[in-house]
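Structure first, then comments.
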Amino acid sequence: MPVEIYLNVAASGLLTGLVYGLMALGLSVIFGVVRVVNFAHGEMMTLAMYLTLLLFSALKLDPLVLLVPIAAVLFVFGYLLQAGLINPFINRPEHSQFMLLVAIGLILVNAQLIAFGPDAQGIRTAYSFDSYQLGPLIVDASKVYAAGAALVVAAALFAFFRFTLRGKSIRACADNYQGALVVGLNVKHLYALTFGIGAACVGAAGAMLMAVTDVTPTIGPSYTLLAFVIVITGGLGSMGGALLGGLLIGLTEALGGVLFTPSAKSMFAFGLLVLVLLFRPQGILGRKTA
Amino acid sequence: MSFDRRKFNQALAAAGVLSAVSPFASVRAQTKALKVGLLLPRSGIQAGIGQDCYRVVEITNPLLRELGLPALEIMSGDTESNVDVARSRAERLIGEGAQLLVGAFDSGQTTAIAQVAEQRGIPLVINIAAAPPITEQGYKFVFRNFPTAPMILGDAFANQLEVFAATGVSPKTAVFMHVNDTFGVAMQRGFTGVMKKFPAIPYKVVETIAYDPAARDLSVEVAKAKATGAEALILVSRLNDAILLTRELVKQRWTPKAVLSMGPGWYEDQYLKTLGKLADGPISFVPWYDPNKKLAQRLLAAQHKAYPDISLNTNHVYTFEALLVAADAFKRAGSAEPKALADAIRTTDIKNNVSPGPGILFNAKGQNDKLKDSAIQNRGGKLVTVAPKDAANAKPELPMKPYQQR
């Protein structure tokens, strides 16, 4: 098989992996601070994808423009979810949190089924069928834009946590819950803010994914699983790890598909996960917990 | 309110009239319309297809009346895309008075319904289900006016040869891509077996690529197919993946000489609507209708009037024909008695029908083995039938126009 095929497939896998990485970043941020595993993560992303579909149909705005209002809507949704529903479960056993979030996921899937039906729906932008040719390399234009936007959003998020007072407060909550309470931080508000930020990441990723793929209500759980694979590979709670995990999973699936059989490409992603769990259980960039 | 003797007498008289008339009315209703239990997956994973099949019900009775056939009383049963539910719904419909069953799109659900129909001695006319064993069980009450999977594949190869001869384009190599589910794998196995019976097929399959039915991205699959340099792409897919595959063909700048589909997806309304001019070119080999037959034209007109945005398709045609078989048998039997109905169906000989082939008639196993499939091509956002020649309304066009020049 010609070498350019591997290059093309690898480029496509890396670009898709960046968008997946942004989606997983939301999951990682939420877990890193609130210590709640969001089992409705993929379902929240399909919600963002349907919002993109609706706004695109109504306003004919590009998904890359729509990602800002969609991220804002998902931020509010995430904030209210944490403040109203999840906060009372913070000190309850993990299985209660698990059941709560699975229930939220199921409600979202069924509400979307009622509202939008079971068929796949997509949008067609001006560049939907465009590709760039660089020598032997043919790169999907939609994936280039989506990956670029993912990088910008991720960079903004890193900057927020590193340089803003609110970001530092959130990190303080993640590092030392008791300490944060002692210095007078409003931890419940910061938790809700964090969940909102994680949901906003998912919202942005969902808007960008609509430029690349179609949406059906039932794909949510598969995205939840994918986000888990990515964050566990990269390191649960590590923002850089989520992006790295996304890139690695995207690349592994793409090359596994072309080297072996495409129908088994997910198998290679899970194979990588098993290897990471065996040899570096905390994930590639994760920190060992005491 | 007072109830005097006069009112009592009036009420008694009214009750007498009602009781005298009711049995008569009941008998008259029984002989007036045949009660048909129509079993379809109208919810669950196959809901879209079940709803699509059901659309034809609205236009069937007026057409039957035009043909001088009795109208049918449709009793709807939702199988919920589930084999067990299909069985229990069939039982329930029979319990509620259904005198004949029609259904049920899916082979698994139809198999379950066929068992119930045979046990209860109620005729079942299958609208759509391709698994061969259904009519290989020696059932006396089960009839199928739909091709079996080997018939579909055999006709696909025969029609391909006709298309290649008509266009002068004979691809030498092909990639076979199929969805990796029960249907896709069964078709892949059948494809390999049936192809051997057609030594004149010009192409050699250089690569077989199975892909996940829930795939979000098919770029790897298309890249792998493109790398073979094959001249034709043969597909067994469904709607969503057909759209994904076409997008990737365009983005990866690969237009094979021929895109040949042996399953759904590539000719469906949503495919044509979503992809616009990029949808043009693929040829699908499917159970279809003969556009030259008079009844097909009438059905087409009635369908267009009732649903202007939905094209007549396999689901409508074969559900309509199953109801046509029921009405025709009821008229000839002159009774709704199940055995008389089954005997009448067995001797069906409808020449004025919709599907390609000599008409509707059943062999000793209850299978219409004279049915023919068609090759249909997407052209200008519409579908034209390009083979077999006697059931065609256009000539095939190959090679496909490159996607980048549209």
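The values are calculated or read from the model by the stated rules, or taken from the named source; none is laboratory data. Everything numeric here is computed off the predicted structure, so don't read it as measured data. Methodologically, a virtual Cβ is constructed for each residue, glycine included, from the backbone with ideal geometry; neighbour enumeration extends over all protein chains shown.
Residue by residue through region B:180-209, note down the ones that are within 14 Å of chain A (Cβ to nearest Cβ), under 20 Å from B:A156 (Cα atoms) and surrounded by fewer than 18 Cβ atoms within 10 Å (Cβ to Cβ).
B:T182, B:V185, B:V206, B:E207, B:T208
Which of the following residues is away from every other protein chain (no Cβ under 14 Å), in a helix (DSSP H, G or I), buried (at least 17 other Cβ atoms within 10 Å of the Cβ) and in contact with a strand residue (DSSP E or B) (Cβ under 8 Å, 6 or more places away or on another chain): A:Y50, A:Y79?
None of the others qualify; the one that does is A:Y50.
When you go through (1) without any contact (Cβ under 8 Å) to a residue 40 or more places away in the chain; (2) farther than 19 Å from A:L18 by Cβ one by one for A:G220, which number turns out not to apply?
A:G220 satisfies every listed condition except (1).
For region B:250-270, what are the residues that are of a type in the set (F, W, Y) and surrounded by fewer than 22 Cβ atoms within 10 Å (Cβ to Cβ)?
Within region B:250-270, B:W254 is the sole residue that qualifies.
Out of B:G229, B:G263, I need the residue that is without any contact (Cβ under 8 Å) to a residue 60 or more places away in the chain, of a type outside the set (V, I, T), not assigned by TED's automatic domain parsing to the domain that holds B:N313 and not in a strand (DSSP E or B). Which one?
Only one candidate passes the filter, namely B:G229.
State the number of residues belonging to region A:197-242 that are in a helix (DSSP H, G or I) and under 20 Å from A:D140 (Cβ atoms).
10
Please give the number of the condition B:Q119 fails out of (1) modelled with pLDDT of 95 or more; (2) among the polar types (S, T, N, Q); (3) buried (at least 16 other Cβ atoms within 10 Å of the Cβ).
If we test B:Q119 against (1) modelled with pLDDT of 95 or more; (2) among the polar types (S, T, N, Q); (3) buried (at least 16 other Cβ atoms within 10 Å of the Cβ), just (3) comes out false.
Check region B:264-279 and report whether any residue there is within 25 Å of the chain's Cα centre (by Cα) and more than 14 Å from every other protein chain (Cβ to nearest Cβ).
yes
What is the residue count in region A:104-133 for residues that are of a type outside the set (S, T, Y), outside any helix (DSSP H, G or I) and within 13 Å of another protein chain (Cβ to nearest Cβ)?
Counting residues in region A:104-133 that are of a type outside the set (S, T, Y), outside any helix (DSSP H, G or I) and within 13 Å of another protein chain (Cβ to nearest Cβ) gives 11.
Name the single residue that is surrounded by the fewest Cβ atoms within 10 Å (Cβ to Cβ) among those in region B:317-371 being assigned to a helix (DSSP H, G or I) and among the hydroxyl-bearing types (S, T, Y).
B:T319
Keeping to region B:266-294, report how many residues are outside any helix (DSSP H, G or I) and more than 22 Å from B:P147 (Cβ to Cβ).
Matching residues across region B:266-294 total 2.
Restrict the check to region A:23-33 and report whether at least one residue is under 24 Å from A:Y127 (Cβ atoms) and in contact (Cβ under 8 Å) with a residue 12 or more places away in the chain.
yes
Suppose we filter A:T233, A:T213, A:T194, A:T224 for residues that are of a type outside the set (F, W, Y) and within 13 Å of chain B (Cβ to nearest Cβ); which single one remains?
The conditions single out A:T213.
What number of residues within region B:210-249 are at pLDDT 90 or above, facing chain A (nearest Cβ under 7 Å) and surrounded by fewer than 22 Cβ atoms within 10 Å (Cβ to Cβ)?
Final tally of qualifying residues: 2.
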